[in-house]
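The numbers here are math on the coordinates, done by the rules we state, and not lab data. What you see is a predicted model; the values in this text were computed from it and never measured. Methodologically, a virtual Cβ is constructed for each residue, glycine included, from the backbone with ideal geometry; neighbour enumeration extends over all protein chains shown.
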Ligand SMILES: [Zn+2]
């Protein structure tokens with residue numbers, strides 16, 4: 001079952017644009033009271049902003065923040081009403097997932113990420129769809145930094161708490177490497193002998209030793225390797241999971257060294273981080 005779940009998750013993080021469109025076609029047509037429902041989602045988002053010290057945007061609020069260099073976002077999928085219009089019946093559940101993920105971090109993380117690289121800290125942008133420059137690929141999450149915010153784009157109704165943890169790690173690593181460019185120079189020595197990353201987001205995972213990687217997708221590149229390990233820190237069975245993967249645990253130790261020296265926190269694979 002666990003294996004099946006991790007397979008499902010691996011499949012979920014990168015999926016084809018066609019799959020997204022097929023899913024979108026089945027969305028029900030909005031028939032509720034829009035203004036009231038939208039206000040409810042915004043009020044909920046405002047509460048989360050205050051509680052965690054982050055910024056949250058959704059729907060067309062995200063458009064101006066899109067990083068169009070490598071990714072574009074869409075506020076509307078052709079053939080479906082806009083996210084802004086369907087906020088009432090499902091952005092609240094998007095926000096619940098985000099809350100569930102954020103409450104697992106010590107509050108110091110959110111203040112430490114308001115730093116000299118991005119003084120306003122984390123900004124979560126829940127958009128309709130994230131499209132990268134390969135038209136065959138959509139994505140559940142995308143992390144970037146614009147010098148003001150750490151922007152984490154999340155695709156509406158596609159992400160789960162682990163996708164949030166994955167993108168949060170990318171942003172923390174962004175800061176770590178900005179401060180200490182050599183922070184992960186030792187990383188290759190933590191991989192099995194002769195191992196090489198595929199350096200491709202669409203092709204990875206052939207013939208790898210699973211005791212060194214959290215899941216297949218981690219073999220696509222070093223930063224994805226670390227982001228998938230950061231997800232595993234939040235598995236409910238993490239203690240037993242990490243015990244079975246000594247290679248991954250060593251990598252987590254290296255990540256913790258970097259975390260402690262920059263953000264003053266560490267991931268504990270035995271208890272709540
Ligand atoms: Zn990633």
For the pair residue 194 and residue 64, what calculated FRET efficiency results from E = 1/(1 + (r/R0)^6), where r is the Cβ-Cβ distance and R0 = 51 Å, to the nearest 0.05? 0.65
Between residue 120 and residue 185, the FRET efficiency computed from the C-beta separation at R0 = 30 Å comes out, to the nearest 0.05, as 0.50
State the extension gain, in nm to one decimal, for the chain segment bounded by residue 103 and residue 257, taking 0.36 nm per residue of separation less the distance between their alpha-carbons. 53.2 nm
Please find the FRET efficiency linking residue 266 to residue 49, where r is the Cβ-Cβ separation and R0 is fixed at 41 Å, and quote it to the nearest 0.05. 0.95
May I ask you to compute the full-extension gain from residue 40 to residue 96, defined as 0.36 nm times their residue separation minus their alpha-carbon distance, rounded to one decimal in nm? 18.9 nm
